[in-house]
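Enquirer: Okay, handing you the structure first.
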Amino acid sequence: MWEEFPPISTAEWEAAIRADLKGADYTKRLVWQTEEGIAVKPYYRKEDLPGTTGQARFTGEWKAKALADIPKDAVRGDLLHEQGATSVQEIGYALAESAGKRNAFVFAVGSNYFMEIAKLRAVRQLWARISKEPMVIWSRTPWANKSLYDPSANLMRCTTEAMSAIFGGCDYLIVEAARFPQHLAESLPRLLAEESHFDQVSDPAGGSYYVESLTASIAAEAWKVYESGLVGRNATIAASRAAKEKAVAERKRTLVGVNNYPDLTETVPAGAKLSSSSAHRLAEPFENIRQSVEKSGKRPVVLLLQRGDLKMRMARANFALNFFGCAGFEVRNSEKLEPADLVVLCSSDAEYLALAKEIVPQSKVPVLVAGNPKEQIEALRAAGIQDFVYVGVNAVELLSRWQGVLV
């Protein structure tokens, strides 16, 4: 067997990858730059392991708790997370606030699965450099990434977040009910312990080339934050929050059910709300647009007019369906002009100008284009096209603009 499957060197893997890329930029295509500024490679091998690995202390023992159980003197790193802090900032500033004098910490555990596992592992390693006291980690599911819409998605987020907290080495776990029933929030830790046996595993991420490398990277960056102290903390976190909000608005960061893959038939019951008022929730700008539509009593009808190249028109119609569905608009498909409040042309770039010249004079409502045909923008605007919907556009700005026109 070993003769048939000999060891493959990193150089051989790299050569194969570059051959498959066919000249495309390796870094742009395969290296993920996290919001913390950490470059994540497409794969990791034994040689990527940091010089030292493992936890300062992690027995696998944890207990489910409630928010009211948190000690009053605990350092609240989770509140920094809710204000927009990155993982590195959350643990770095929390350690700086403690200054080695308080050993109980609360950290939020977001939906970036491996990053959050590595975050808790990293903070234990850093604490061991600061103090000989045992560190006590309280982990809770945050509000920053939760939504009034699609509570099922909130439940799934909480599930993976709870898993990250456990695998990362929390001592206590708090699951917040985010528009799903409280009994599910209470049952989730029991299911993870009694059915998945997550209370019987010690440091399951230990030895993973990827997680150990990620842990070391987070620890190194968080130590820099710790050493810099608390000066400028609010401004730094505000900048991180703005970057996150921009990524969500441009749909570079997906919130399922909010800025992508919405339930087109869902409406929020009157008076529905999420418990926390202190969190800067990333979903709020989209929620505000959708709730304005619902409260108006009128759902604007968006007609996706499909013509021409089958592959392109289907792809762009699916994109536009998702896009306008995020605002609570009613979306319909057709190959001919029908009554609607807004028409979106779905075709290929090469066919758009002729299609615009045909449809705009016939339409009694604004006509948009699904796509960003840069070389034809001026000609299309001259033909009467009023806007363009494409990957990377600021969806909050565009949907707000058209919600204001149509509602």
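The values are calculated or read from the model by the stated rules, or taken from the named source; none is laboratory data. Please read these numbers as outputs of a predicted model, since none were measured by experiment. Every residue, glycine as well, gets a Cβ built from its backbone with ideal geometry; the counts of neighbours run over all protein chains shown. The protein model used for the area step is the full one, side chains on, heavy atoms only, and it has no ligands, DNA or RNA in it. Shrake-Rupley method; radii C 1.70, N 1.55, O 1.52, S 1.80 Å.
To keep it simple, each residue is scored yes or no on (1) crowded, with 18+ Cβ neighbours inside 10 Å; (2) among the acidic types (Asp, Glu).
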residue	(1), (2)
Glu330	no, yes
Leu342	yes, no
Asp349	no, yes
Val393	no, no
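Conditions tested, residue by residue: (1) over 30 Å from Ala193 (Cα atoms); (2) in contact with a Gly (Cβ under 6 Å, 6 or more places away or on another chain); (3) assigned to a loop (DSSP other than H, G, I, E, B).
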site: Trp13; (1), (2), (3): yes, no, no
site: Ile17; (1), (2), (3): yes, no, no
site: Glu36; (1), (2), (3): yes, no, yes
site: Glu47; (1), (2), (3): yes, no, no
site: Ala68; (1), (2), (3): no, no, no
site: Lys72; (1), (2), (3): no, no, yes
site: Gly84; (1), (2), (3): yes, no, yes
site: Lys101; (1), (2), (3): yes, no, yes
site: Ala122; (1), (2), (3): no, no, no
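Enquirer: When you check Glu212 against the structure, is it more than 20 Å from the chain's Cα centre (by Cα) and loosely packed, with under 13 Cβ neighbours inside 10 Å, yes or no?
Expert: In short, no.
Enquirer: Moving on. Among the candidates Gly110, Gly92, single out the residue that is part of a helix (DSSP H, G or I), open to solvent by less than 80 Å² (accessible area, probe 1.4 Å) and touching a residue at least 24 places away in the same chain (Cβ under 8 Å).
Expert: Values: Gly110 fails: part of a helix (DSSP H, G or I).
After applying the criteria, what remains is Gly92.
Enquirer: Right, Trp13: open to solvent by 50 Å² or more (accessible area, probe 1.4 Å) and free of Cβ contacts under 8 Å to residues at least 24 places away in the same chain or not?
Expert: no
Enquirer: Any residue that is over 22 Å from the mean Cα position of the chain (by Cα) and surrounded by 15 or more Cβ atoms within 10 Å (Cβ to Cβ) - is there at least one of those in the stretch 227-236?
Expert: Among the residues of the stretch 227-236, at least one is over 22 Å from the mean Cα position of the chain (by Cα) and surrounded by 15 or more Cβ atoms within 10 Å (Cβ to Cβ), which makes the answer yes.
Enquirer: Considering only the stretch 191-200, I want to know if a residue exists there that is touching a Leu at 6+ places or on another chain (Cβ under 7 Å) and open to solvent by 60 Å² or more (accessible area, probe 1.4 Å).
Expert: Within the stretch 191-200, not a single residue is touching a Leu at 6+ places or on another chain (Cβ under 7 Å) and open to solvent by 60 Å² or more (accessible area, probe 1.4 Å).
Enquirer: Does Pro134 satisfy being over 28 Å from Lys41 (Cβ atoms), touching a residue at least 40 places away in the same chain (Cβ under 8 Å) and not in a loop (DSSP other than H, G, I, E, B)?
Expert: Considered against the rule, which asks whether it is over 28 Å from Lys41 (Cβ atoms), touching a residue at least 40 places away in the same chain (Cβ under 8 Å) and not in a loop (DSSP other than H, G, I, E, B), Pro134 comes out as no.
Enquirer: Next question. List, please: which pairs have Cβ atoms under 7 Å, are six or more places apart or on different chains, and start with a residue in the stretch 342-367 that is farther than 20 Å from Leu321 by Cα and end with one that is part of a helix (DSSP H, G or I) and open to solvent by less than 30 Å² (accessible area, probe 1.4 Å)?
Expert: Leu353/Leu380
Enquirer: Are any of the residues in the stretch 139-146 more than 26 Å from Thr236 (Cβ to Cβ) and open to solvent by less than 50 Å² (accessible area, probe 1.4 Å)? Can you show your working first?
Expert: Within the stretch 139-146, the subset more than 26 Å from Thr236 (Cβ to Cβ) is none.
Scanning the stretch 139-146 turns up no residue that is more than 26 Å from Thr236 (Cβ to Cβ) and open to solvent by less than 50 Å² (accessible area, probe 1.4 Å).
Enquirer: For the stretch 248-274, give me each residue that is touching a Lys or Arg at 6+ places or on another chain (Cβ under 8 Å) and either among the hydroxyl-bearing types (Ser, Thr, Tyr) or free of Cβ contacts under 8 Å to residues at least 60 places away in the same chain (or both).
Expert: Listed by number, the list holds a single entry, Arg253.
Enquirer: Select from the stretch 378-397 the residues that are in contact with a strand residue (DSSP E or B) (Cβ under 7 Å, 6 or more places away or on another chain) and assigned to a helix (DSSP H, G or I) and list them in ascending order.
Expert: Leu380
Enquirer: Which residue is surrounded by the most Cβ atoms within 10 Å (Cβ to Cβ), if the candidates are limited to the stretch 268-315 and must be farther than 20 Å from Ala395 by Cα and polar (S, T, N, Q)?
Expert: By that ranking, first place goes to Gln306.
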